[in-house]
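Since the structure comes first, as structure tokens, the remarks are kept for the end.
The values are calculated or read from the model by the stated rules, or taken from the named source; none is laboratory data. The shown structure was predicted, so the numbers you read here are calculated from the model rather than taken from an experiment. Cβ coordinates were reconstructed from backbone atoms using ideal geometry, including for glycine residues, and neighbour counts include every protein chain displayed.
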Amino acid sequence: MIKPFMPQLVYIEPRALEYPLGVELKKKFEDMGLEIRKTTSHNQVRDIPGKNHLQQYRNAKSTLVVGVRKTLDFDTSKPSAEYAIPLATGCMGHCHYCYLQTTMGSKPYIRTYVNTDEIFDRAKQYMEERAPEMTRFEASCTSDIVGVDHLTHSLKRAIEYFGKTDMGRLRFVTKFHHVDHLLDADHNGRTRFRFSVNAAYVIKNFEPGTSPLDQRIEAAVKVAKAGYPLGFIVAPIYIHEGWQEGYKELFQKLYDAIPKELQTDITFEMIQHRFTKPAKRVIQKNYPKTKLEMDEEERRYKWGRYGIGKYIYQKEEEYSLRETLESYIDHYFPNAKIEYFT
Ligand code: SF4
């Protein structure tokens, strides 16, 4: 049983206290008896305790910074949405393969933004620019937002904000099961609630600090019963001994747990395991004992943005993964929509 995230240390940027949510969170954390420190900007969160890199990295992942989002330009978020909506960055999980290790660099702490109304206003502009086309916003590009939301409720606000818009849709994905506070949100069917799932081997070996699969599935059933459109991201799809059976068991479990009447509007997204050379270096530093296979020789190189290519599976392996997983989905969830395999 994994407990809801509780930071060991909280930093509050002074500007955050100009927003009601900043004041509310400060009071809340004081009442909880958490250690609170002031900082002038998140770049000055330098004195995270720890004697060496590994300790500091671990401590940073249990540090929460309450701040203001200054950059209100949203990144694009292909293929799952048009834009990434920034509500938080960083994550308390310890997935070995997580790309946040490279993108967050030396600042792996969790940062939550209190200027949510400004963020929503910016989202509105993006929707207006694209109208009459629908605009989808992904809330989990830079964090596992559900993992921290029981403390901040900023995701809940976003769900209710998009519940009232006509041209916007919200989506996010999580590996945590702490969803109870989101069940009564006024989502109006405009938020797709997705869970990240995988074969037992991958979860056991590479996803420490996240909820076990059974709890993620239980949470998925709860949110579907609360009327949310439901989705699953199978990622990273990873070749390991017995992977065919491992992924089959996963779909069997999903099929057994989700009531039939809720199996009509489910989406699946599939992402094969990939790594870049810089990511491999960071992973080996943060998780030196990892069993994660990252042998460039075994993989196929695919050119990427900024000249940093990624290593994905060989063509035949990719084909076999895709065929196999799609056949499971067709078998267990014939009414589901496969959004993409990448
Ligand atoms: Fe990264 Fe998601 Fe794991 Fe968090 S739960 S460490 S965001 S992969």
What number of residues within the range 262-275 are within 21 Å of residue 98 (Cβ to Cβ) and surrounded by fewer than 19 Cβ atoms within 10 Å (Cβ to Cβ)?
1
Any residue at all in the range 229-246 that's under 17 Å from residue 293 (Cβ atoms), crowded, with 18+ Cβ neighbours inside 10 Å and of a type in the set (Ser, Thr, Tyr)?
yes
Find the residue count for the range 85-123, including only residues that are assigned to a loop (DSSP other than H, G, I, E, B), within 16 Å of the ligand (Cβ to nearest atom), out of contact with any strand residue (DSSP E or B) (no Cβ under 8 Å at 6 or more places or on another chain) and modelled with pLDDT under 95.
2
Tell me the residue from 199, 220 that is away from the ligand (no atom under 13 Å from the Cβ), closer than 25 Å to residue 294 by Cα and crowded, with 21+ Cβ neighbours inside 10 Å, please.
199
Selection from the range 161-177 of residues that are within 16 Å of the ligand (Cβ to nearest atom) and within 21 Å of residue 86 (Cβ to Cβ)
171, 172, 173, 174, 175, 176
Neighbours by Cβ (under 8 Å, 6+ apart or cross-chain): first from the range 128-155, farther than 21 Å from residue 102 by Cα and without any contact (Cβ under 8 Å) to a residue 60 or more places away in the chain; second charged (D, E, K, R) and within 16 Å of the ligand (Cβ to nearest atom):
136/171
For the range 249-342, please list each of the strands (runs of 3 or more DSSP E) lying entirely inside it that holds at least 3 residues being over 30 Å from residue 222 (Cβ atoms).
300-302, 310-312
For a quick check of your reading of the model, give me the residue pairs whose first member lies in the range 162-178 and is of a type in the set (Phe, Trp, Tyr), whose second is modelled with pLDDT of 95 or more and more than 16 Å from the ligand (Cβ to nearest atom), with beta-carbon atoms closer than 7 Å and at least 6 apart or on different chains.
162/168; 162/169; 162/170; 162/190; 162/191
Scan (1) touching a helix residue (DSSP H, G or I) at 6+ places or on another chain (Cβ under 9 Å); (2) over 19 Å from residue 88 (Cβ atoms); (3) free of Cβ contacts under 8 Å to residues at least 60 places away in the same chain for the single condition residue 53 breaks and write down its number.
(3)
All-but-one check, residue 228 against (1) within 17 Å of residue 341 (Cβ to Cβ); (2) touching a strand residue (DSSP E or B) at 6+ places or on another chain (Cβ under 6 Å); (3) of a type in the set (Ser, Thr, Tyr), failing number (1)
